[in-house]
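> There's a structure below that I have some questions on.
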Amino acid sequence: MINNKSVKKVLFGGDWNPEQWDMQVQEKDLKMLPKAGIDIVTVNVFSWASIQKDENTYDFTRLDSIIDGACKAGMKICLATGTATHPAWMARKYPEVLRTDIEGKKRQFGARENSCPNSLIFKKYSVKMAEELAKHYGKNKNILAWHVSNEYSGLCYCSNCQTAWRGWLAKKYKTLENLNKAWNSNFWGHTYYDWQEIQVPMNTNERWGASSTSCQIQTIDYYRFQSQSLLDCYKAEYDVLKKLTPEIPVTTNLMGTYPELNYHEWAPFMDFISYDNYPSPYDSYTRTAFNLEVMRGCKRDIPFCLMEQTPSVTNWQPYNSLKRPGVMRLQSYQALAHGSDTVMFFQMHRSRGCCEKFHGAIIDHYATEETRVFKEASAIGHELQELQDVFLGSIQKSNVAILFDWDCLWGIQFSAGPSVDFDYTQEVYKYYDAFAKENVSIDVISKKDSFDRYKVLVAPAFYMVDEESAKKIEDFVSSGGTFITTCMSGLTDMNDLVVTSGYPGLLRKVCGLWVEETDALLPEKYNTIRLTEDGFKGGYKVNILCDIIHTENAKSLATYSSDFYSGSPAITCNTFGKGKAYYVGTSFSNENTVFLQDLAKYVCKQNKIQSILNVEEGIEVTKRIKEDKTFIFVLNHNESDVLVKIPFSCKELLTNVEYNGNAELNIKAKGLALLEEI
């Protein structure tokens with residue numbers, strides 16, 4: 001954790017880049033930031049070039065002044081390695097460090113995350129930079145964490161990667177015979193007779209565009225390889241930092257459901273998860289919460305770090321709306337509500353030039369304490385000082401788990417068909433949204449995690465299924481668990497080869513059915529399903545995919561009302577051992593998800609899972625537990641005040657008011673309450 005024994009509160013701060021300014025601005029920042037309650041700064045995120053002007057020279061003079069000044073001002077340090085952007089001299093002398101894009105074009109120096117992850121030169125100098133930093137600053141007691149690189153992202157298609165890719169494939173498949181079988185290489189005459197014949201899949205050969213490829217498994221394997229390649233870069237820096245400073249935790253900042261990196265494989269090598277939270281102005285509060293839970297789920301029992309968010313405005317979205325008054329505070333506490341132990345921002349002082357000059361900051365271009373943003377940040381900072389460490393280290397304990405899987409994401413993304421409107425991440429989110437609106441605790445987990453602690457396991461669009469996962473699901477249901485899966489599940493093995501034993505493949509036994517066909521509805525078309533079970537409203541529109549299902553042991557709960565498959569099952573339930581498996585053989589657009597909310601209510605009732613609080617729509621409730629203490633966050637995302645009934649005795653920690661049960665608490669619009677049960 002970033003919070004060590006010397007820290008007695010939620011850390012409040014974020015990225016500070018005074019190297020972009022002169023010393024007078026740095027000195028003024030160091031006077032203003034403590035007034036806002038800033039007690040931690042992330043420094044050196046993009047300073048590699050200013051520290052290392054050639055292969056052998058390291059100059060820490062400016063960084064010394066930054067760190068010394070922050071420490072004297074009472075701030076802790078999250079020290080970045082700066083390796084997200086290699087110096088210009090390196091690109092000039094060693095062009096191999098530069099990436100090649102999907103079109104096959106060699107990039108020039110510029111931008112960031114432009115280093116080939118399989119360049120030995122890049123690895124040599126990035127690890128050396130981390131080593132020099134550790135030697136120079138490792139004994140500084142104010143350094144609470146190492147921050148490796150920044151927002152790892154992007155793919156490279158250069159000759160370095162091609163060589164490493166062939167080696168990765170040889171290690172994975174052992175023989176070309178195995179590879180040809182796994183890749184179904186007889187399709188379109190793709191049989192390989194020599195490892196050197198295998199090319200990286202890009203737009204000059206197998207691919208055409210972001211999601212189209214003639215050989216899906218080849219592209220999926222390349223994403224797996226590139227995710228591992230970038231992870232290897234991170235691990236190389238991690239290893240040298242841990243060797244020289246074993247007591248300082250190491251992390252890097254992740255980006256929620258970012259589609260190019262499998263964060264479940266990264267998590268074991270991170271001492272704590274760090275997350276950059278940048279919701280779109282269009283995102284619902286449950287969509288923001290979903291990303292937070294994906295991040296928390298990477299290390300379920302350790303609080304994560306909110307490493308970045310904007311105090312008000314971003315600069316890179318199509319429409320960069322200001323955060324309305326109160327939203328900075330509300331979103332900060334939303335991160336805390338979902339398991340963060342920090343509130344941090346990008347950035348402390350607004351850049352004057354280049355692409356981030358209009359990105360928000362605590363201190364604006366006109367550096368005054370009188371701005372709305374500075375005042376709001378100061379209020380949060382001082383509020384967190386008052387709270388101290390009351391809930392630090394607390395975690396969530398959930399009865400519901402939802403599977404999120406990068407292999408399934410890639411498998412569906414790169415498949416040709418059945419519908420462009422079917423999006424894996426969106427499908428998983430829809431089910432999260434339904435349960436989140438019941439205000440029950442939810443874990444978003446990996447298929448590698450244990451399922452034993454849950455009552456309900458939801459695996460939407462669980463497209464790629466291996467035998468281990470199928471066995472775990474069967475054991476979970478057989479032991480009394482409730483399992484929910486959907487159309488586009490169990491269709492392939494881990495090599496994206498379609499099952500020939502009937503969909504949903506390895507899930508067929510537990511679901512008690514087989515799927516004959518899947519119909520993709522045109523955008524203007526819809527079907528209707530009708531349920532007669534208690535708790536359902538009857539008819540529901542469905543309008544993306546419709547499975548044509550044959551029940552075996554399963555019971556039909558709903559049927560389609562139109563088209564040639566009218567009367568055939570759409571929703572089923574199969575009793576399997578002591579538990580039940582539900583199959584939702586259809587998909588809904590965002591505006592037609594009422595059924596999913598009713599399903600969540602029904603399943604929670606069947607499993608005696610109660611809402612933390614019964615509240616109206618737009619009120620988000622989460623629970624964090626620390627030994628014998630329970631903390632309940634109540635967040636009002638509505639545009640108006642809401643009265644919330646509190647049926648238990650508690651203390652509201654932000655006002656120090658106690659309630660003796662059956663009280664009504666008025667929560668302001670975009671406001672919140674933080675309750676400790678007593």
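The values are calculated or read from the model by the stated rules, or taken from the named source; none is laboratory data. Bear in mind that the values here come from a model prediction, so they are computed numbers and not experimental data. Note that each Cβ is placed from the backbone with ideal geometry, even for glycine, and that neighbours are counted across all protein chains shown. Heavy atoms of the whole protein, side chains included, go into the accessibility calculation; ligands, DNA and RNA do not. Shrake-Rupley method; radii C 1.70, N 1.55, O 1.52, S 1.80 Å.
> What number of residues within the range 59-71 satisfy the criterion of being open to solvent by 50 Å² or more (accessible area, probe 1.4 Å) and either aliphatic (A, V, I, L, M) or touching a residue at least 40 places away in the same chain (Cβ under 8 Å) (or both)?
Summing the residues that are open to solvent by 50 Å² or more (accessible area, probe 1.4 Å) and either aliphatic (A, V, I, L, M) or touching a residue at least 40 places away in the same chain (Cβ under 8 Å) (or both) in the range 59-71 gives 1.
> Continuing with the same structure: Looking at the range 236-260, which of its residues are closer than 25 Å to residue 160 by Cβ, open to solvent by 10 Å² or more (accessible area, probe 1.4 Å) and of a type in the set (Ser, Thr, Tyr)?
Listed by number, the residues that qualify are 238, 258.
> Exactly one of (1) under 22 Å from the mean Cα position of the chain (by Cα); (2) open to solvent by 30 Å² or more (accessible area, probe 1.4 Å) is unmet by residue 407. Its number?
For residue 407, the exception is condition (2).
> When you check residue 151 against the structure, is it among the charged types (D, E, K, R), on the phi > 0 side of the Ramachandran plot and touching a strand residue (DSSP E or B) at 6+ places or on another chain (Cβ under 6 Å), yes or no?
Yes: the conditions hold for residue 151.
Residue-by-condition table, conditions (1) outside any loop (DSSP other than H, G, I, E, B); (2) surrounded by fewer than 19 Cβ atoms within 10 Å (Cβ to Cβ); (3) of a type in the set (D, E, K, R):
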position	(1), (2), (3)
494	no, yes, no
501	no, yes, no
510	yes, no, no
515	yes, no, no
522	no, yes, no
525	no, yes, yes
533	no, yes, yes
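> Another question, then. Restricting attention to the range 296-315, does a residue exist that is surrounded by 20 or more Cβ atoms within 10 Å (Cβ to Cβ), modelled with pLDDT under 95 and part of a loop (DSSP other than H, G, I, E, B)?
Taking every residue of the range 296-315 in turn, at least one turns out to be surrounded by 20 or more Cβ atoms within 10 Å (Cβ to Cβ), modelled with pLDDT under 95 and part of a loop (DSSP other than H, G, I, E, B).
> Can we say residue 655 is among the hydroxyl-bearing types (Ser, Thr, Tyr), at pLDDT 95 or above, surrounded by 15 or more Cβ atoms within 10 Å (Cβ to Cβ) and not in a helix (DSSP H, G or I)?
Answer is no for this residue.
> Test residue 415 against the stated conditions and say whether it is farther than 19 Å from residue 298 by Cα, touching a helix residue (DSSP H, G or I) at 6+ places or on another chain (Cβ under 7 Å) and touching a residue at least 40 places away in the same chain (Cβ under 8 Å).
Working: farther than 19 Å from residue 298 by Cα: yes; touching a helix residue (DSSP H, G or I) at 6+ places or on another chain (Cβ under 7 Å): yes; touching a residue at least 40 places away in the same chain (Cβ under 8 Å): yes.
When the stated conditions are applied, residue 415 passes them.
> Filter the range 126-153 for residues that are of a type in the set (Ser, Thr, Tyr) and either open to solvent by 10 Å² or more (accessible area, probe 1.4 Å) or over 30 Å from the mean Cα position of the chain (by Cα) (or both); which is farthest from residue 92 (Cα to Cα)?
The extreme case among them is 137.
> Can I ask one more? May I ask you to list the residues in the range 188-235 that are in a helix (DSSP H, G or I) and open to solvent by 30 Å² or more (accessible area, probe 1.4 Å)?
188, 189, 195, 196, 197, 216, 224, 228, 232, 235
> When you go through 591, 616, 620 one by one, which is the residue that is free of Cβ contacts under 8 Å to residues at least 12 places away in the same chain and either in a helix (DSSP H, G or I) or farther than 29 Å from residue 550 by Cβ (or both)?
Every option except 591 fails the conditions.
> Looking at (1) within 29 Å of residue 442 (Cα to Cα); (2) in a helix (DSSP H, G or I); (3) aromatic (Phe, Trp, Tyr), which is the one condition that is false for residue 282?
For residue 282, the failing item is (2).
> Shifting gears a bit: Under the condition of being in contact with an Asp or Glu (Cβ under 7 Å, 6 or more places away or on another chain) and of a type in the set (A, V, I, L, M), which residue from the range 546-592 is modelled with the highest pLDDT?
Among those residues, the one meeting the criterion is 548.
> Also, I was wondering about something else. If the requirement is being open to solvent by 20 Å² or more (accessible area, probe 1.4 Å) and among the small types (Gly, Ala, Ser), which of these qualifies: 393, 381?
Answer to the check: 393.
> Return yes when residue 257 is within 22 Å of residue 409 (Cα to Cα), within 22 Å of the chain's Cα centre (by Cα) and polar (S, T, N, Q) and no when it is not.
yes
> So, one more: So which residues in the range 169-187 are within 20 Å of residue 224 (Cα to Cα), in a helix (DSSP H, G or I) and open to solvent by 50 Å² or more (accessible area, probe 1.4 Å)?
171, 172, 178, 181
> When residue 88 is evaluated against the numbered criteria (1) crowded, with 17+ Cβ neighbours inside 10 Å; (2) farther than 30 Å from residue 33 by Cβ; (3) without any contact (Cβ under 8 Å) to a residue 40 or more places away in the chain, which criterion, by number, is the only one it fails?
(1)
> Something else now. Of all residues being surrounded by fewer than 18 Cβ atoms within 10 Å (Cβ to Cβ) and charged (D, E, K, R) in the range 536-568, which is farthest from the chain's Cα centre (by Cα)? Just the residue, please.
So the residue we want is 563.
> Only residues in the range 249-276 that are closer than 17 Å to residue 289 by Cβ count as the first member; pair them with residues that are assigned to a strand (DSSP E or B) and among the small types (Gly, Ala, Ser), Cβ under 7 angstrom, at least 6 apart or cross-chain, and list the lot.
254/274
> Please determine, by comparing only the residues of the range 482-492 that are in a loop (DSSP other than H, G, I, E, B) and within 24 Å of the chain's Cα centre (by Cα), which one is surrounded by the fewest Cβ atoms within 10 Å (Cβ to Cβ).
489
> Right, next: Here is a check on your reading of the model: is residue 135 of a type outside the set (Ser, Thr, Tyr), part of a helix (DSSP H, G or I) and closer than 25 Å to residue 222 by Cβ?
In short, no.
> On the basis of being touching a strand residue (DSSP E or B) at 6+ places or on another chain (Cβ under 7 Å), assigned to a helix (DSSP H, G or I) and either open to solvent by less than 30 Å² (accessible area, probe 1.4 Å) or within 26 Å of residue 436 (Cβ to Cβ) (or both), does residue 343 make the cut?
Details: touching a strand residue (DSSP E or B) at 6+ places or on another chain (Cβ under 7 Å): yes; assigned to a helix (DSSP H, G or I): no; either open to solvent by less than 30 Å² (accessible area, probe 1.4 Å) or within 26 Å of residue 436 (Cβ to Cβ) (or both): yes.
No, not satisfied.
> For the range 627-644, which residues satisfy the criterion of being touching a Leu at 6+ places or on another chain (Cβ under 8 Å) and either open to solvent by less than 40 Å² (accessible area, probe 1.4 Å) or of a type in the set (D, E, K, R) (or both)?
Within the range 627-644, 631, 632, 633, 634, 635, 636, 637, 644 qualify.
> Answer yes if at least one residue in the range 445-463 is under 22 Å from the mean Cα position of the chain (by Cα), part of a helix (DSSP H, G or I) and either at pLDDT 95 or above or small (Gly, Ala, Ser) (or both), and no otherwise.
No: zero hits.
> Return yes or no: is residue 91 in contact with a Leu (Cβ under 6 Å, 6 or more places away or on another chain), assigned to a helix (DSSP H, G or I) and aliphatic (A, V, I, L, M)?
The answer is yes for residue 91.
> Please state which one of 275, 263 is farther than 23 Å from residue 621 by Cβ, modelled with pLDDT of 95 or more and buried (at least 23 other Cβ atoms within 10 Å of the Cβ). Outline the logic, then answer.
Working: 275 fails: farther than 23 Å from residue 621 by Cβ.
Among 275, 263, only 263 is farther than 23 Å from residue 621 by Cβ, modelled with pLDDT of 95 or more and buried (at least 23 other Cβ atoms within 10 Å of the Cβ).
> Against the condition in contact (Cβ under 8 Å) with a residue 60 or more places away in the chain and small (Gly, Ala, Ser), how does residue 297 come out, does it pass?
Taking the combined requirement at face value, the residue satisfies it.
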